[in-house]
Protein chains: 2
Amino acid sequence: MYLIGIDVGGMSIKGGVVTTEGEILFKTSIPTTEKYTSDYSISEDIKKVVDAVVKGANIDIKDVKGIGIGQPGSIDSKNGIIRYSNNIALENVPVVKELQQYYDLPIFINNDANCAALGEHVFGAGKGYNDVVFITLGTGVGSGFIIDGKLFEGRDCAGAEGGHMVIDISPNAKPCNCGRKGCWEAYASATALIRQTKEAMDANPDSMMHRIAKEEGQVSGKTAFLAAKQGDKAGRQVVDNYIDYITCGLVNMVNVFCPEAILIGGGISNEKEYLTAPIQKAVNEGRFGAAFNPTVEVKTASLKNDAGILGAAALAL
Amino acid sequence: MYLIGIDVGGMSIKGGVVTTEGEILFKTSIPTTEKYTSDYSISEDIKKVVDAVVKGANIDIKDVKGIGIGQPGSIDSKNGIIRYSNNIALENVPVVKELQQYYDLPIFINNDANCAALGEHVFGAGKGYNDVVFITLGTGVGSGFIIDGKLFEGRDCAGAEGGHMVIDISPNAKPCNCGRKGCWEAYASATALIRQTKEAMDANPDSMMHRIAKEEGQVSGKTAFLAAKQGDKAGRQVVDNYIDYITCGLVNMVNVFCPEAILIGGGISNEKEYLTAPIQKAVNEGRFGAAFNPTVEVKTASLKNDAGILGAAALAL
């Protein structure tokens, strides 16, 4: 039996045929339309991708166990509805019902960060752990929670938004895209790191970060890390502060969930142990009852570029 | 059948015989010994209370369904062990095993805030809700979580410490008893409110709070509320800020758990709707995806003085 995983993004809809062991047999993608309407639902484009991967993998749709869809935004996974999606203007789209007109198969949809967490748990670095906190450090901070081997989404699938936990209630707190001030996302996302890097560059005209950014053509999430590794003091300070921000939110999560493992995904996770080693130390020292409570492993997520397809496919397992 | 609930506190060990409907038939208490040793375990005192309530309620121990114990600190509820308790210097005490030498009954122990959450869910204001976030605003901020009708304790019963979520990462963050800075507890506990009230009194020599504190004999968690209700501007400001602090942490919880109801216990909850009405409004406006996600009810806990005994008894249900 095969699984089909669909990864809906702002730019493209990716899809793949996946084995139950997590091997991708065939994958493809089409661009996301600028504006879906009631006449042309996103389900039509998802159908195109499903049909393309079934054909491309040269399988029979009868051998497909189910279709999983990962979608950014607020998803009512119980009823298969996109409640609201910001980056691909969607509201109350009953995707699962629409697709079930075409396929006599179990079809699932969930938030993309939830899918990524599930994918890592089933196929990736989260294998073997029953309790996992997954975060992805990208444009924002996404989070997903595995409790006792199962995806935890909050009541009515409307929770698990760890990135929108306020960690700074002070008057100088940074604004967040969600409308609140001081959210973890506004400190620990790649976007926030780039802001922090630029601020440090402005304050430190002699920092290596200027040369590095020039060579790279832009200030990115890598700039401060590259500088720090070359012994640049200002770069080191940016990285240290950034790690403190990540750690702060993670300790908050650990104090509530006490997971066995924390998995960090997203572009920043390419820093691997340079990122995870100090975080693991700080989380275990900083957590409530550090002296007597169990420790937590901090690792990078492993599915990388295929995380979206594999995470969505995992929904159908 | 009857339940026995034991509520261990820093000052006393309370106990009661409770019906399965949550009626207390008989209760009593004994003082907590200053220092328990390996020769004289706290289990001995718990036994005294159990025997006293069985006698006092005039029931047969054979008609007892189980014994539940609520205990402050870090509790390994799976193995019935007090890992660590701060206020009654205890470490690695296998209470359940010790008590099972005396009683051929199911015996349970859990953290007191978890018990309180469970008690409200089973017998109190949380009845009928499947997903509840319970907080108690007292010396600290305790928290307990009901997910899908069951108590959620985190892996190895080492989570659910919502009070130790940092909400202020700024350099001026208030220190917390746990060793971290900026914990929710350092802003939203009754202790914090008293500190905030005193600070406002120092800054506002004309505030009504001075007269009220004099009349009450002390600055308490009620001082600012009483002043605010009488139109005192500085008192109003203290209350407004305090409500913002409570709300900040609650929105963080809602974004992760999306409970049906938030229950607020502890001394401060005596302010009832004066406290909960603005919090309910602010939580529902401030939560992530407020426009499309389900709303949350905010209520005060209902079990009050007997919460400890009833919550512990609920463990045995």
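Numbers at a glance
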read-out: Inter-site label distance for B:ASN241 and A:GLU21 at 7 Å from Cα along Cβ, in nm; value: 6.2 nm
read-out: Exposure proxy order (Cβ contacts within 10 Å, fewest to most) of B:ASP45, A:ASP148, A:ASP112; value: A:ASP148, B:ASP45, A:ASP112
read-out: Residues with amide H under 5 Å from that of A:ILE81, placed H, sequence gap 5 or more; value: A:ASP76
read-out: Kirkwood-type radius of region B:251-317, with distances r between different C-alpha atoms, in Å; value: 13.2 Å
read-out: Most mobile listed residue (A:GLY235, A:GLY56, A:GLY265) in chain A, GNM with C-alpha springs under 10 Å; value: A:GLY56
read-out: Bridge type composition, region A:128-301 - antiparallel percent by DSSP, nearest 5; value: 55 percent
read-out: Residue order, fewest to most beta carbons within 10 Å, for B:SER74, A:SER143, B:SER38; value: B:SER38, B:SER74, A:SER143
read-out: Computed over chain A: relative contact order in percent, which uses C-alpha pairs under 8 Å that are six or more apart; value: 21 percent
read-out: Between region A:231-254 and region A:10-79, the Cα center-to-center distance that results, in Å; value: 37 Å
read-out: Copy-to-copy label separations for A:ALA203, where each label sits 7 Å from Cα toward Cβ, in nm and ascending; value: 2.5
read-out: Residue order, fewest to most beta carbons within 10 Å, for B:HIS121, B:HIS210; value: B:HIS210, B:HIS121
read-out: At R0 = 25 Å, FRET efficiency that the Cβ-Cβ distance of B:GLN230 and B:LYS304 yields, to 0.05; value: 0.45
read-out: HN-Hα J in Hz across region B:160-170 - Karplus 6.51, -1.76, 1.60, θ = phi - 60°, x for Gly and Pro; value: 6, 9, x, x, 9, 9, 6, 10, 9, 8, 5
read-out: Calculated from backbone phi, Karplus (6.51, -1.76, 1.60) coupling profile of region B:258-269 in Hz, x at Gly/Pro; value: 6, x, 6, 9, 10, 10, 10, x, x, x, 4, 5
read-out: Distance in nm between pseudo-label sites at A:GLU91 and B:ASN79 (7 Å out along the Cβ direction from Cα); value: 5.4 nm
read-out: Shortest-first distances to equivalent copies, position A:ASP39, nm, label 7 Å out along Cβ; value: 9.0
read-out: Separation of alpha-carbon centers, region A:115-183 and region B:85-128, rounded to whole Å; value: 31 Å
read-out: For the protein assembly as shown, share of DSSP beta bridges that run antiparallel, in % to the nearest 5; value: 60 percent
read-out: Coil-residue chymotrypsin sites (Phe, Trp or Tyr not before Pro) of region A:1-99, DSSP, other Cβ within 10 Å capped at 12; value: A:TYR40
read-out: Sites matching chymotrypsin sites (Phe, Trp or Tyr not before Pro) across region A:226-317 that sit in DSSP coil, with at most 10 neighbouring C-beta atoms within 10 Å; value: none
read-out: Size of electric dipole in chain A: Cβ of Lys, Arg +1 and of Asp, Glu -1, about Cα centre, debye, nearest 20; value: 360 debye
read-out: Two-site label geometry, B:GLN218 and A:ASN177: point separation in nm, points 7 Å out along Cα→Cβ; value: 4.9 nm
read-out: Extension gain, A:LYS198 back to A:LYS272 (0.36 nm per residue minus Cα-Cα distance, nm); value: 24.4 nm
read-out: Rotationally averaged projected area of region A:163-317 (alpha carbon convex hull; nm²); value: 11.1 nm²
read-out: Max mean-square fluctuation residue, GNM over chain A, Cα-Cα springs under 10 Å, options A:PRO94, A:PRO205, A:PRO171; value: A:PRO171
read-out: Convex hull (Cα only) mean projected area of the protein assembly as shown, reported in nm² to one decimal; value: 32.3 nm²
read-out: Segment A:THR37-A:ILE61, length gained on full extension (0.36 nm per residue, minus Cα span); value: 5.9 nm
read-out: Label distances, nm, B:LYS97 versus same residue in remaining copies, Cβ-directed 7 Å point; value: 5.6
read-out: Normalised per residue, the volume of the convex hull around the Cα set of chain A (Å³); value: 140 Å³
read-out: In order through region A:115-129: 3J(HN,Hα) via Karplus (6.51 cos²θ - 1.76 cosθ + 1.60), integer Hz, x for Gly, Pro; value: 4, 4, 4, 5, x, 5, 5, 7, 10, x, 5, x, 4, x, 9
read-out: Under 5 Å, built H, 5+ apart or other chain: amide partners of A:ILE69; value: A:ILE6, A:PHE108, A:ILE109, A:ASN110
read-out: Chain A Cβ-axis minimum, rotational copy B, residue and distance in Å; value: A:SER170, 2
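None of the figures in this text is laboratory data; all of them are computed from the coordinates on show. All of these numbers come straight from a predicted model, not from anything done at the bench. All Cβ positions, glycine included, derive from the backbone under ideal geometry; neighbour counts span all protein chains shown.
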